Amino acid sequence: MKLGISLSLIAVLFLTIAMLVRAGWERPPMESTQQGYRGLGMVEIDNPRTQAARAALNQLPDVVPAVPAGGPAATSVYKNVQVLNDLGVGEFTRLMVAMTAWVSPQEGCNYCHNPSDLAADTPAKVVARRMLQMTRHVNADWKTHVADTGVTCYTCHRGQPVPSNVWYTQAPQGGAFAGNRAGQNAPAKAVGFTSLPLDPFSHFLANGDEIRVQSAAALPAGRGNSIQSTEATYGLMVHISQSLGANCTFCHNTRSFFDWDSSTPQRATAWHGIRMVRDLNANYLEPLAGKFPDGRTGPLGDAPKLNCATCHQGEHKPLLGASMLKDYPVLAAVGKLAVAAPTPEPVLIGETVIIFFALDSVALHDAAPRTLEILVVKLKANPKARATISGYHSATGDAAHNRELAKNRALAVQGALKAAGIAENRVVLEKPVVEQANVAGEDPKARRVEVVVK
């Protein structure tokens, strides 16, 4: 009998120590908030002892002092301003200072900019430009989820160049005998270290699959009605609960998880949030897969993408509901997008035809064949004549990429002359001494190929 009591005391002591030192164990007293009718288990549990630590993790950065209104436009002072071109130079500079503190406080401005040419595009600058457009889009067009609180770059980045919570498409995981395990039995933090599929995001936050567990019909069939889909749904729900620091009952009524009429208002907000994340992944992040700096893409070459944890980071409301947007209202403006200057038509100057190209394009201008015909006539009239082709590029963008563009544009013109009946040995590609045709920035007349008959 004494031995049994001793073993019980040892077990109690062991469990008490484990509760105190192991993550996931929390000692009472706890605080509870009733979310629905009594008896339905709709209660949110909170630990008052973690509030100070959570507040520290969600500390807001200092606000950059406001600047007087007016002054010259940012586009009149800075070159290659494609997104914030509706701002004055003062507000533009203020926002750049704030963004540096939000995203790259250690690296500084040079994280995105080329210090020797601030107007030049770099991979990080191209991505940042699109992220600014995305932030304005969220604040202007997704008030059904962010309301007037809105978001800024800091909401996700928290002083880091890459947000802590992003996801990539996972490569298929093979098993010794079971083949593709569908991502199961590979515990991941994103799904609470359960055996549920570790990547429910590709289904629901990228592909847009329907999120369903309960059906309105018996034995439903078709896409979204398999056991695998159900398991992926549970994985996503675990992720949402973790991301918001909430139970399932934050949105759902335990009497019927399916029933919208008895759900909490937060379920509608979450519904819009899921669709917002799909929109941002599909239209802003995934198209940037080839633009990210080296080492920033996933195992399958895809871009980093958003999920609920990217913004919420364990809280019902990001940054505990504090709004930074009120201090930076320019991030709520839709703004005017820079309209690319029209590509000039080909011109003939003496014995030289100049053909211009659109930004980042090797496609010939529609009028190019007609202008080249002038040189084709001369070449056919003089069998000893040769056409010399040289390609040039503008100063904006990656230098190696631009050199390849210039070469491929010259090849496109060579192909047009061959198509017009000029033998290949009569068309000479001549690399110019300086391929960059302007000093800085973007100039439509710098993106050209010159063809000379000699």
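The values are calculated or read from the model by the stated rules, or taken from the named source; none is laboratory data. Just so you know, these numbers come straight off a predicted model, no measurement behind them. Because the Cβ atoms are built from the backbone with ideal geometry, glycine has one as well, and the counts that use them run over all protein chains shown.
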Positions within the stretch 170-218 being modelled with pLDDT under 75, part of a loop (DSSP other than H, G, I, E, B) and of a type in the set (Gly, Ala, Ser), in sequence order: 171, 176, 178, 182, 183, 186, 215, 216, 217, 218
Selection from the stretch 99-119 of residues in a helix (DSSP H, G or I) and in contact (Cβ under 8 Å) with a residue 40 or more places away in the chain yields 99, 101, 102, 103, 111
If you go through 407, 418, the only one that is over 25 Å from residue 81 (Cβ atoms) and surrounded by fewer than 14 Cβ atoms within 10 Å (Cβ to Cβ) is 418
Here's a check for you: in the stretch 32-60, which residue that is in contact (Cβ under 8 Å) with a residue 40 or more places away in the chain and among the charged types (D, E, K, R) is farthest from residue 324 (Cα to Cα)? 44
Could you say whether any residue in the stretch 253-272 is surrounded by fewer than 18 Cβ atoms within 10 Å (Cβ to Cβ), over 17 Å from residue 142 (Cβ atoms), touching a Lys or Arg at 6+ places or on another chain (Cβ under 8 Å) and in contact (Cβ under 8 Å) with a residue 40 or more places away in the chain? yes
Kindly indicate the residue of the stretch 30-67 that is out of contact with any Ser or Thr (no Cβ under 8 Å at 6 or more places or on another chain), assigned to a loop (DSSP other than H, G, I, E, B) and under 20 Å from residue 250 (Cβ atoms) and also modelled with the highest pLDDT among those meeting that condition. 58
Those residues of the stretch 412-434 which are within 18 Å of residue 358 (Cβ to Cβ) and either within 34 Å of the chain's Cα centre (by Cα) or not in a helix (DSSP H, G or I) (or both) amount to 412
What are the residues in the stretch 256-298 that are part of a helix (DSSP H, G or I) and of a type in the set (A, V, I, L, M), if any? 268, 270, 274, 276, 277, 280, 282, 285, 288
Across the stretch 120-149, which residue is surrounded by the fewest Cβ atoms within 10 Å (Cβ to Cβ) among those that are touching a residue at least 60 places away in the same chain (Cβ under 8 Å) and in contact with a strand residue (DSSP E or B) (Cβ under 9 Å, 6 or more places away or on another chain)? 122
Scan of the stretch 299-337 for residues that are within 13 Å of the chain's Cα centre (by Cα) and in a helix (DSSP H, G or I), ordered by number: 310, 311
